[in-house]
Each structure stands twice: as C-alpha cells, then as structure tokens.
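These notes are about the structure you will find just below.
The values are calculated or read from the model by the stated rules, or taken from the named source; none is laboratory data. Source: prediction; values computed, not measured. Glycine gets a Cβ as well: all are built from the backbone with ideal geometry, and neighbour counts include every protein chain shown. Protein only, heavy atoms only, side chains kept; ligands, DNA and RNA dropped before computing areas. Shrake-Rupley method; radii C 1.70, N 1.55, O 1.52, S 1.80 Å.
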Amino acid sequence: MKVACFSTKSYDQESFDRILPEHGHKFTYLEAKLDKHTVSLAEGFDAVCTFVNDHLDETILKKLAALRVKKIVLRCAGYNQVDLKIAEELEFKICRVPAYSPEAVAEHAFALILSLSRKTHKAYNRVRDNNFSLEGLSGFNLFGKTIGVIGTGAIGTAFCRIALGFGCKVLAYDLIENKELKTLGIEYVTLDELLSLSQIISLHCPLTPGTKHMINSTTLRQMPDGVMLINTSRGALIETKSVIKALKNRKVGYLGIDVYEQEEDLFFRNLSEEILLDEQISRLMTFPNVLITGHQAFLTKEALAQIAKTTLENLDQMEQNKELINEIKFSEQKSLYP
C-alpha cells in the first residue's frame, strides 16, 4: 500500500526503512503533522500513518474519507487524539501499537525519579563549569520509600518491578488488579489511600474523560507535603495550573514530566531560537525542583524497532483483509478508570 507518514522524524524513517522491504509497502515521509492544513497531502494514498499529536478529529476524518483514505495506522499506543465514534460511522479501519516496549517508558520514569532525587542534572551542569561543590545537591534514598503507581497495565507493571528492585514499598491502583504483581508484594489500595500514603506517585494510565485532570487541586490536597509526582503517560492527566500552585506552596516537592497537556505546539520541535508563548510551561521551567523532558520516554532503539514492526504488520493485515489484531473501535472501548 501507499502510505503517507505524518509527523516523521529521522529516527522514524530509519526504523521503518530498515524493514520496509520485507513488507512491500511504499512510505512517503512527511515532516508536517496531520491537521486541517495538511490533510490534503493524503490524497492518492491508501493509508496514513500518524503519531500522538496528529489530528484525527471529525473534520480531519471526514476530509480523509472524501479523499478515499479509509485506513489509519497509529504508531503509538494512545488514541485519545482519534474521534472513534465518527471513525466508526465513516467505516475507517484504525490500528495502533498497543505495546512496543513497556520497559522503555518505565525506565524513563525512573530516570526522572533518580535525577530529581539525586539532582544529577544539576551536578552535570555544575561540573561542566568546573564547579565541584556539593552544596545544594543533597538528595534522598529511594530504598524504603513508598511509591504509588496509578495504572498497572504493561508499563505500570514494568515500573512496579523496577521499584521493587530499589527496595521500595509499592502501592497500586487499578480497577483490574494484576495477580502476578500481588504475588510479588504489590499492594492494591483505593485511589484515596494511594494518594495519601505515597511519597512518590507515578502515573501510568490512559487519558479518558474519567482520567482527565485526575491530578487536580482536590487530589493534590490528599497527598503528603513534599510529594514527588511523575508523569510519563498523557499530559492532560495533570491539571497544570493546580500543580504550579502546589509547587509554590511546597505541597509538590518534585515534579518530573515527559508529557504536557499543551505539548502539541511545543514537543518534537526545535524552538531554541523562539520565545515560548506558553506561560504555564515557562512557569514550570522556573522551578528548580521540576524536570521536563520532551516526550522521549518511548525513544529507545528497541521501542522504535517494535513500533515499526507492529505498524507494518497492521498494514499487512489491512491489505490482506485479515483479522486486525490491534484494531480499535468506539463500540468496544471501555474505560478502566472512573
């Protein structure tokens, strides 16, 4: 099939080109994201391949349908950017990559935790300026700390295993409990209990109407003073204005995020020569106890290889009219979170 691949970076092209000959599809790589200004670029293609910040709302889907492009492959796990109800009405076939490398994201979450807890990012910058002072670099041990994990799917499970390896007590919240994790010593508790008892809280759940802004002024008040908050899942799980207030009054002692609710016009772009107009992320970056990375948790060689492999297999199944193992449909979606 002829495939228009939107929001393409060099690492995407490298990972796909490595195995494309095995599948026979023809990819056209486009740097532009898919939106109302670029959807016309899909004309003449059999399918589009999109990423997390590409638009697949009602307007775009109707335009794609008008262009007779009814096949969409997402090279990501999340699909909150897709209007599944409209997609189903228009008879689109949509597949995703449900699990590429849970360890990649889980390990990045711990990289944020370790950087914040031991201030290695600050130490790195100091030493480069020939400043070898240790003043202000005091950290804390992870051993013996209580970590709360919200969401124990594939990534949350990988995160729990790492936390256990550090000697942490792990509390978990999920409507579907993982029996294997329980045998390892993970304790499932209510969300209220997790929020009030955890010194470190890491988010590993999907973005749904029920989870949007689950970290807000109310839930923040339930947390212990000085809590560390980590988010490598979806930006809108956190209400940014509430977290900024919590940072100012020291309720949140550390914040590590790889995602941001208004990241669409920021992440995956080099804006080093521009003035950031987003006041909230600019404010976040003024705090010395905040660490932000630009949606790179997934970015490992292993994860990129798996994303390319699964995406091309999804296209193979579409082309051959086989059962779509990774298909997503509006009628089959059930939120696991209240």
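Among the conditions (1) out of contact with any helix residue (DSSP H, G or I) (no Cβ under 8 Å at 6 or more places or on another chain); (2) closer than 23 Å to Cys160 by Cβ; (3) crowded, with 19+ Cβ neighbours inside 10 Å, Asp258 misses just one, which is (1).
For (1) at pLDDT below 95; (2) touching a Cys at 6+ places or on another chain (Cβ under 9 Å); (3) not polar (S, T, N, Q), each residue gets a yes or a no:
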| site | (1), (2), (3) |
| --- | --- |
| Asp35 | no, no, yes |
| Ala42 | no, no, yes |
| Val73 | no, yes, yes |
| Gln81 | yes, no, no |
| Leu84 | yes, no, yes |
| Phe92 | no, no, yes |
| Leu114 | no, no, yes |
| Val127 | no, no, yes |
| Phe140 | no, no, yes |
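A search for C-beta distances below 7 Å between a residue of the stretch 12-40 that is within 15 Å of Leu315 (Cα to Cα) and of a type in the set (D, E, K, R) and any residue that is open to solvent by 40 Å² or more (accessible area, probe 1.4 Å) and outside any helix (DSSP H, G or I), counting only pairs 6+ apart in sequence or on different chains, returns Lys26/Lys2. If the condition is being closer than 21 Å to Ala163 by Cβ, open to solvent by 10 Å² or more (accessible area, probe 1.4 Å) and either under 12 Å from the mean Cα position of the chain (by Cα) or not hydrophobic (A, V, I, L, M, F, W, C) (or both), then the stretch 201-218 contributes His204, Pro206. For residues in the stretch 299-331 being outside any helix (DSSP H, G or I) and among the basic types (Lys, Arg), which is nearest to the chain's Cα centre (by Cα)? If we take residues in the stretch 299-331 being outside any helix (DSSP H, G or I) and among the basic types (Lys, Arg), then Lys329 is nearest to the chain's Cα centre (by Cα).
Looking at the stretch 271-282, which of the residues that are assigned to a helix (DSSP H, G or I) and open to solvent by less than 90 Å² (accessible area, probe 1.4 Å) is nearest to Tyr11 (Cα to Cα)? Per the stated criteria, the residue is Ile281. Each residue in the stretch 1-19 was checked for being assigned to a helix (DSSP H, G or I) and open to solvent by less than 20 Å² (accessible area, probe 1.4 Å), and 3 pass.
Selection of the stretch 46-80 for residues being acidic (Asp, Glu) and either in contact with a Pro (Cβ under 9 Å, 6 or more places away or on another chain) or surrounded by fewer than 21 Cβ atoms within 10 Å (Cβ to Cβ) (or both) yields Asp46, Asp57, Glu58. Of note, Leu229 does not satisfy the criterion of being closer than 28 Å to Tyr11 by Cα, open to solvent by less than 40 Å² (accessible area, probe 1.4 Å) and more than 14 Å from the chain's Cα centre (by Cα). Among the criteria (1) within 30 Å of Gly156 (Cβ to Cβ); (2) open to solvent by 10 Å² or more (accessible area, probe 1.4 Å), the one Leu30 does not fulfil is (1). One residue stands out among those in the stretch 94-112 that are of a type in the set (Gly, Ala, Ser) and at pLDDT 95 or above: the one that is farthest from Ile307 (Cα to Cα), which is Ala111. In the condition set (1) under 26 Å from Pro102 (Cβ atoms); (2) surrounded by 15 or more Cβ atoms within 10 Å (Cβ to Cβ); (3) over 21 Å from the mean Cα position of the chain (by Cα), Ile150 is compliant with all but (3).
Residues that are of a type in the set (S, T, N, Q), open to solvent by less than 60 Å² (accessible area, probe 1.4 Å) and not in a strand (DSSP E or B) do occur in the stretch 235-249. Do we find that Phe287 is under 25 Å from Ala4 (Cβ atoms) and assigned to a loop (DSSP other than H, G, I, E, B) in this structure? It is false that Phe287 is under 25 Å from Ala4 (Cβ atoms) and assigned to a loop (DSSP other than H, G, I, E, B).
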